[in-house]
Each structure stands twice: as C-alpha cells, then as structure tokens.
Amino acid sequence: FEAGMRRNWMKDYTVRPREYRGDQFPIRYLEPRVPANLRAIGYNMYSEAVRRKAMARARDTAEPALTSRVILVQDKGLTDQPGFLAYVPIYSSLHTPSSVEERRKLIQGFAYSPIRAYEFFGSLFSEASRSPDIGVEVYSGEGYAKENLLYRHEPAGFQGRPIHHTDTESLSLYGAGYRIRFFAPTYSWIVGSAEFLTWIPVVGLVISMLIFGALRAQLTMAEESRAQALEANRRAERERLLSDTGRVLVSSLDSSKTLDEVAKLAVPDFADWCSVDVPGPDGDLRRLSVRHIDPEKIALANDLMRRYPPDKDAPRGVYHVLRTGIAEWARVIPENLIRENAKDPEHLELLLDLGLKSYMCVPMSVRGETLGAISFVSSDPRRLYDEEDFRIAQEIGTRAAIALDNARLYEEAQREIAERARVEDQIRELNASLEKIVEDRTKELRATNLELEAFCYSVSHDLRTPLRSVDGFSKALLEDYGEQLPPEAHGYLERVRKANQRMDELITALLTLSRITRAEIVRENVNLSEIAESVAQEASRDLPKEDLQIIVQPDMIARADARMVHIVFDNLISNALKFSMRSQPQVVEVGRRAGVFFVRDNGVGFNPHYRAKLFAPFERLHNPKEFPGTGVGLATVQRVVHKHGGEIWAESQEGEGATFYFTLS
C-alpha cells in the first residue's frame, strides 16, 4: 500500500503510528495541499480512541458522525487550537448495506473533514452578530470542564467583571453532544431591572425565529413541489426508456443494429452522449455505436478515440469495465480529474470541449461473461446522474447483454446447423463408401473362409494319408524284419514313428484352432465346476494319486459355450499337471474370484519377462524334451476366451508355479 501511494501520490508516504496493530484507516488524500495538511497524510485515524469511536459509529449506522474535542494532527506542536472531525462512511457496494454486519464487512473507508473549532465558530458568530454585552462558550461532551472547551468568545469589556446572567443550550448532532453557554456581566445601573432585561433578547430571538420559520416553510414548499415535479418527470422518462429499450432489443437478432437503436433512444432524454463498445478479437475496443445530441460532436469523439486510444490497463474507463465486469458511476466529473488524464494540451482542449459533467459506464454481462459496455455521459451540470439513473443504466446493460447473447447464440446455432448439415452429407457419403467396402470385404472374407476350409480339408486328408503310410510301413518294418536289424536301426525307426506321431498331434491342434476360429459360440448357463472336475479326472487318470491334489471350487456358473469351455480347461489343467509333475505334493487349483476364473499350479513357473510369448502359436518357454507339447494349446485357449469377449493373462515367477486368469464377458 505504501509503495503504491509513494509511486502515485507522495514519494515519502508512510502509515503511522507503526506500533498500532488494529484496523488501518490511514489518511490518503487531504485538500488543499498546504504544508499543514501534508503533515497529516498517512496518519492512521483509527489508532486514536476519540476518532475510532466516531468512525465506528459512522460505519455501523451508515450516517455521518462527529467526534468530540480533539487536537488535529496537522496542528500538533504548532497550536493548541482544539477541533473536531466529521466522518461519512464509504462502502464497497452501490447501495447502503442493510445490516450492521454487512456494513462492517463492506466498509471501504471514510470521507472526512477536519474542523478547527475557533475558525469554525468564529465564522458562525461573525462580527455582525456578536453582541458587545454577551459572551459565548461551546463545550464538547458532558459538563463544562476545561478539557471539553471547544470555543470561547468574551467581549473586550468583560475583563474583571463578575458574570451575573447565563443561559445554556444542549445540542446533539450526528452522535456528538454539545453544550452552548451564553453569559453576561453585571451592570450596576441596571441591576434592578436585570430580570426584565433578560427577556429582551429572548423575545427578539423568538420573533426572529418565527419570521425566519415562515419564510423558510414557504421556500421549502415551493422547492419541494418543483423537485417532486422534476422527479416525476424524470421517473416517467426512465420508465419510458426502459420500455422502449426492451422493445428494441427483442425486435431483431442483428446485435449491431439493435445496440445502435439503444444508443439512439438514450439521447437526448437520458444522456447527451451514449456509446456502445465490445472487445475485438485482438483485445482492442470495437465501437458499435456512438450518439450525441450534436451530430458534429460524433466526429470529434471518433477523432479523439483514434488519436488518443484509451489505456488498456487504466484503473477506470471502458477497458476497466470490460476487464472487471464492474460498473462505474461518477456523479460529478471534476475538471482537475480531466486535466490529470489529459496526455497533452491539445488532448485537454478536446476533452474540455466535450463538456463532460456526469458519467456512467455499465457492463453488458451475462452468464459470468462481459460482452461489452455502454457509456452514458451528461454535458448538462443541471443533470447529474443519481443512484436511480445508475440503476436504470445497469438494467439497460443487463437487457442489452441478454439480447447480445441471444444474437450470438442464434449465430452459433446457425453455424452449428450448417456444420451439422455438412457433416451429415459427409456421413452419407462415408456410409455409401463404407457399405461398398463392407460388401467387398465380405466377399473377400467368404473367399478366404472357403480357402481356409479347403486348406483344412487338405491338411486333414492329404497330409495325414502319407503320415499314416510312414507310420504303417515303419511299424511293419519293425515287426517283420526287426530281428534282422541292428539295434541302431531300431532306434532310427522309433524316432521316425515319434516324429510322425508329433506331426499328427500338431495337425490335430492346428485343425482345432482353425475350427474354433470359424465356429460360432452358443451361450447357455454352464456349470464350469463340473467341466473342470471332468477334465481333471481324465487328465490325471494315469498319474500317481498319493501326492496329487486337484481342488475345484464348486458352483462356478457362467453363460458360455460348453464345448469351448471344455477346451479351455482341458489345455489349462493339462498344462498345470504337466509343469507341476516334479512338485511334492503336486497341487492344482481351479476357482473364481471377483468374476475372474483361474487355474493355479505349484510347478516350475516361467520367467515373467517372456509372458508376451505365452499365447503365440508354436512359442514355447520350456525345453520340449522336458515338457513335450505342440505349442498351440494356449493360443487355442486365447481364441476361445476372445470369442467370448473376455481376456486371459498369466502371472508367475520361476520355480514358484503359475496362475492363468481369464474372464468370460
């Protein structure tokens, strides 16, 4: 705060006293800028009890408040003249807050005036009204103690003479109490008539007050009648403006045209100037409309805007309203403010030529977004915008924002409709080409399926026929000429037969995989526990039962194809038994947890880095001499699971067994 004040107002600005830790209301500005007043700037008035009491009263009541007797800061050490201060609260809201709690929350500061008592009362009791025979004393607060004395006037002839006549009056004004005492000395030649003489000034005062009261009442009634007529006329103009504005704003969806009509309606009955501005794409102002009672001034305003564009970061003005969405209202535009904001003498001359007297700038805000701003300016000092004018201006801004938003939404809807029509045309074109693609792909797929069926038939018949011949002749050779063959030949023939048998198993596995790929699944409620137990019994028939444990969780029900589920368990359980045959005991577990089925064993496991190869055809993670197999079983299992819309994966560590998980959607 101090840095900002030093930068913009006074280079050595300092808040004081530094040791006070309560609320801070330092003096920011004080006019006139004479040396005595400059001494007071920066003083935190809330740090002193008498001032704090009046400030708190003004804040809580939303009324002016006077202090009791104080010594002004600018007079300390220079004069003993007492004084008092008048405070008016300023809140950070357009309307006065209704409750004490809101007033304390929204208090922004105080406008105040320091008053030197002797100068103030001396001007009230001027030489023309002073009596040479009457003295006056003014006290602040209760009683007539010396520390409460604000002012004393004693005519020159009173010195040394006893006071005989006194009269006192009490006055309460803006929360402060005052006592006024009039006094006169004893005159020897009229002591006997003292009681009569006392009534002379009183009667004269009463008569004067009656005459003054009658004249004041007549003037007040005339002024009130005139003010009521003017206010009624202004109220009618405001309501007519609101009505006409509402009618114009709903008459068209052309935002530029309607906002220009609004500016036209405001001039001349509500404003001498009216302009409408919206932010452009680059952040600069785009003026949609400007109207003035004198058309020649419009060219002047446009020239002024072009030659002296407003500062985007200014703390007031249209840019500030657009940036913050907060309306501005200056009931009176002081000439010194215009001079401070002028950039050069020519700019000042142009500004003064515009004749700016009163000003309002309201945002056009809707749904939390400021779409633009409307400015109203009066050049007539007799028409200064009041609180009701400000309310009307804000209502116009709100209605204009709604109209502007409706026009924008309409334009967006039109663009969206056009874009949707374009997209629908594209979709129709894509659908037509997609149908052609699907038709071509279907033909290709049918041809591929026919070729696959022919290949499977060829594998099943053309490959197996020579294999059977090889196996048969090898067997006949052993049976018929076995005794004539050396042992080494016997070994060769056995290896031929084993290779032939492995080839036959591989062909069978490939045919199974092919059939599953082409087969349609038939879902039904299947008891997977029964299928797993049947497979386990068949797979373990020739295995020793002493150290073998096969655990199957009961009542595992799912909607699936029973034949294909049998293939899944046949491969997984057979693999589990094969890779755990060296474990003591040998344990295989089949179950379900949280909708996921699993087959677990305590066998040799596998290296988890190679799990991606598990389900690829012909990929093997173990030596086929130790663990024989075709390398197609897990690929077949994966095809079955995927045809059911599920997933399959495995977890293992070498030497710690393996667990295969799968789902059936």
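With only Lys, Arg, Asp and Glu charged, each at its Cβ (+1 for the first two, -1 for the last two), find how big the charge dipole of the stretch 241-308 is about the Cα centre; round to the nearest 20 debye.
Details: 9 positive and 12 negative charges, 18 e Å.
Dipole size: approximately 80 debye.
Search the structure for amide H atoms under 5 Å from the amide H of L288, placed 1.01 Å from N in the peptide plane, and list their residues when 5 or more places away or on another chain.
Hits under the 5 Å cutoff: V276, D277, V278.
As a test of reading the structure, rank K498, K545 by solvent-accessible area (1.4 Å probe, protein chains only), most first.
On the way: K498 140, K545 110 Å².
From most exposed to least exposed: K498, K545.
Can you list the HN-Hα couplings for the stretch 642-648, worked out from phi with the Karplus curve (6.51, -1.76, 1.60; θ = phi - 60°), rounded to whole Hz and with x for Gly and Pro?
So the J values, rounded to whole Hz, are 5, 5, 8, x, x, 10, 9.
Which ³J(HN,Hα) values, rounded to whole Hz and listed in residue order, are derived for the stretch 328-342 from phi using the Karplus coefficients 6.51, -1.76 and 1.60 in 6.51 cos²θ - 1.76 cosθ + 1.60 with θ = phi - 60°, glycine and proline given as x?
Listing the rounded values in order: 10, 8, 10, 4, 10, 9, x, 5, 5, 5, 4, 5, 5, 8, 6 Hz.
Applying the Karplus parametrisation 6.51 cos²θ - 1.76 cosθ + 1.60 with θ = phi - 60° to the phi angles of the stretch 109-117, what ³J(HN,Hα) value in whole Hz is obtained for each residue in order, glycine and proline being reported as x?
x, 9, 8, 9, 9, x, 10, 7, 4
Could you pull out every residue, at least 5 positions away or on a different chain, whose amide H is within less than 5 Å of the one on Y385? Hs are placed 1.01 Å off N in the peptide plane, and Pro or chain starts have none.
Y359
How much accessible surface area, in Å² rounded to 10, belongs to the heavy atoms of I134 with a 1.4 Å probe?
I134 has an accessible surface of roughly 60 Å² with all protein chains in place.
Counting C-alpha atoms alone, how compact is the stretch 35-93: give Rg to one decimal and Dmax as a whole number, in angstrom.
Cα radius of gyration and Dmax of the stretch 35-93 are 12.4, 40 Å respectively.
At 1.4 Å probe radius, can you tell me the per residue accessible area of the stretch 540-592 in Å²? Don't skip to the end; give the middle numbers.
Values: 2840 Å² over 53 residues.
The answer is 54 Å² per residue.
Of K545/K643; K53/K105; K11/K312; K475/K613; K436/K643; K105/K146, which pairs sit farther than 29 Å apart, going by alpha carbon to alpha carbon? Don't jump to the answer; show the numbers that get you there.
Working: K545/K643 35 Å; K53/K105 17 Å; K11/K312 26 Å; K475/K613 37 Å; K436/K643 26 Å; K105/K146 39 Å.
Checking Cα-Cα distances, K545/K643; K475/K613; K105/K146 exceed 29 Å.
When the chain is fully extended, how far beyond the present Cα-Cα distance does E647 get from K443, taking 0.36 nm per residue of separation? It would help to have the intermediate numbers written out before the result.
Details: separation 204, 0.36 × 204 = 73.44 nm, distance 2.98 nm.
Difference between extended and current length: 70.5 nm.
Under 5 Å between amide hydrogens, which residues at least 5 positions from V588 or on another chain qualify, with H placed 1.01 Å from N in the peptide plane?
Under 5 Å from the amide H of V588: Q549, I550, I551.
In µm²/s, what is D for the stretch 384-430 at 20 °C and 1.002 mPa s, where D = kT/(6 pi eta Rh) by Stokes-Einstein and Rh is the Kirkwood radius from Cα pairs?
In µm²/s, the coefficient rounds to 159.
Mind giving me the FRET efficiency for R316 and R593? R0 is 60 Å, r the Cβ-Cβ distance, nearest 0.05 is fine.
Working from the Cβ atoms, E equals 0.30.
Got a sec? What order do Y20, Y610, Y308 fall in by accessible area at 1.4 Å, biggest, i.e. largest, first? Provide the component values of the computation, followed by the final result.
On the way: Y20 55, Y610 110, Y308 35 Å².
Largest accessible area first, the list is Y610, Y20, Y308.
The values are calculated or read from the model by the stated rules, or taken from the named source; none is laboratory data. Everything quoted here is computed from the prediction, not taken from an experiment. All Cβ positions, even for glycine, are placed from backbone atoms using ideal geometry, and neighbour counts span all protein chains on display. Heads up: the accessible areas ignore ligands, DNA and RNA and are worked out on the full protein's heavy atoms, side chains in. Shrake-Rupley method; radii C 1.70, N 1.55, O 1.52, S 1.80 Å.
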